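Every number in this text was worked out from the coordinates using simple rules, so none of it is lab data. What you see is a predicted model, and the numbers here were worked out from it, not measured in a lab. Using ideal geometry, Cβ is built from the backbone for each residue, glycine included, and neighbour counts are taken over all protein chains shown.
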Amino acid sequence: MSALHGLATRALRLLDPEDAHRAAILALRLGLGPAAPPDDPILAGSLAGVALPNVVGLAPGFDKDAQVYPQMLRAGFGFVECGTVTPEPQEGNPRPRLFRLSQDRAVINRMGFNNYGLDTFAARLYGRGPGVVGANIGANKDSPDRIGDYVEGLKRLWGLASYFTVNVSSPNTPGLRALQTKAALEELLGRLAEAARTLPPPDAVPMLLKVAPDLEDAEIEAICDVVAANGLDGVIVSNTTISRPPLRSSGRNEAGGLSGAPLFALSTDVLRRFHAAAAGRFPLIGVGGIGSGADAHAKIRAGASAVQLYSALVFEGPGLVTRIKRDLAQRLHADGFRSVSEAVGAQ
Ligand SMILES: Cc1cc2nc3c(=O)[nH]c(=O)nc-3n(C[C@H](O)[C@H](O)[C@H](O)COP(=O)(O)O)c2cc1C
């Protein structure tokens with residue numbers, strides 16, 4: 001980490017977490033973020049057919065409103081997922097709603113899809129430069145037709161995003177995760193697949209489903225079958241957890257989704273179970289608690305074709321991505337692999 005970025009990251013930790021996040025976005029917009037060195041070619045990969053310069057991505061929630069994706073690509077992420085965006089702007093839950101659990105290297109959030117809505121999001125992607133930028137789409141809290149909201153997101157952002165993520169796994173919009181149950185998921189994915197068929201080329205834009213880590217084996221099997229039956233291109237495992245592994249920090253009893261280091265074991269276990277249930281029918285992205293090259297390596301070996309992270313940035317700053325990639329590349333070389341794809345699922 002450069003001395004300047006290290007100092008800035010430590011200074012931000014003195015602020016309220018949401019103010020710190022706003023300050024970080026502002027600093028990035030002013031061009032104060034790092035510029036990464038070129039990638040080791042061993043880190044290249046693909047995301048459901050989209051070529052990635054490296055397989056380490058920025059998870060959604062950091063750049064909800066597509067404000068700083070060029071800066072985060074420049075900082076070294078191989079892809080950036082913006083959102084979650086809902087059709088209408090919404091404020092989300094009252095503050096405070098974001099909590100740093102520093103002793104646990106964890107975060108609890110109950111943001112509730114605060115975002116500026118599809119108009120602003122689409123305008124920020126329009127005419128964008130190169131790089132893989134995904135759009136994570138969701139539903140407004142008070143929408144009378146939640147599935148219609150996802151369809152609207154897909155239609156409005158068609159041709160602007162490199163891929164879409166259908167987010168049915170945020171714990172902070174009441175009832176949203178019920179869309180993971182078989183009948184609801186069949187309707188949701190069926191309507192999205194139908195809408196995609198009516199949209200003009202390019203028709204090869206991947207659509208992925210993002211799931212919670214709090215799932216039983218039977219639910220995992222059912223999700224994999226519905227994903228495959230509807231021709232979806234992959235699953236992202238996982239969102240934050242509503243469970244509470246043992247934690248030490250004072251914010252541990254806050255309501256919301258837990259992310260960061262304590263999510264690593266749970267989300268990697270669920271990833272491994274998805275890898276078995278998917279049985280090669282579609283690829284997986286691993287996310288949850290990645291804070292080092294060793295963590296990214298473990299996700300890939302558990303079945304992830306690419307990985308994403310967010311919470312570790314809160315503690316380490318954006319220079320972390322370069323350190324993770326350096327360490328991951330060393331580990332892949334030491335294993336004797338020639339590419340990430342050779343390592344996927346190699347337990
Ligand atoms: C403050 C915050 C906001 C988030 N917002 C979203 C979101 O809008 N959509 C989404 O799919 N995931 C969201 N996430 C979840 C992350 O994308 C990721 O799945 C999760 O935090 C686990 O990864 P991590 O441990 O590396 O943070 C959010 C996470 C945090 C900490």
Query - Residue that is nearest to the ligand (Cβ to nearest atom), among those in the stretch 248-278 that are touching a helix residue (DSSP H, G or I) at 6+ places or on another chain (Cβ under 8 Å) and assigned to a loop (DSSP other than H, G, I, E, B) - result: 249
Query raised in the report: Looking only at residues in the stretch 279-289 that are closer than 15 Å to residue 233 by Cα and surrounded by 22 or more Cβ atoms within 10 Å (Cβ to Cβ), which one is farthest from the ligand (Cβ to nearest atom)?
Result: 283
Query - Of residues in the stretch 290-305 being closer than 15 Å to residue 54 by Cα and touching a Ser or Thr at 6+ places or on another chain (Cβ under 8 Å), the one surrounded by the fewest Cβ atoms within 10 Å (Cβ to Cβ) - result: 305
Report task. Specify which of the listed residues (35, 27, 48, 11) is hydrophobic (A, V, I, L, M, F, W, C) and touching an Asp or Glu at 6+ places or on another chain (Cβ under 6 Å). Result -> 48
Query raised in the report: Got a sec? Which strands (runs of 3 or more DSSP E) wholly within the stretch 12-125 have at least 2 residues that are within 10 Å of the ligand (Cβ to nearest atom) and hydrophobic (A, V, I, L, M, F, W, C)?
Result: 79-85, 98-101, 106-109
**Report entry** Residue match in the stretch 218-238 (condition: within 16 Å of the ligand (Cβ to nearest atom), crowded, with 23+ Cβ neighbours inside 10 Å and under 23 Å from residue 92 (Cα atoms))
**Finding:** yes
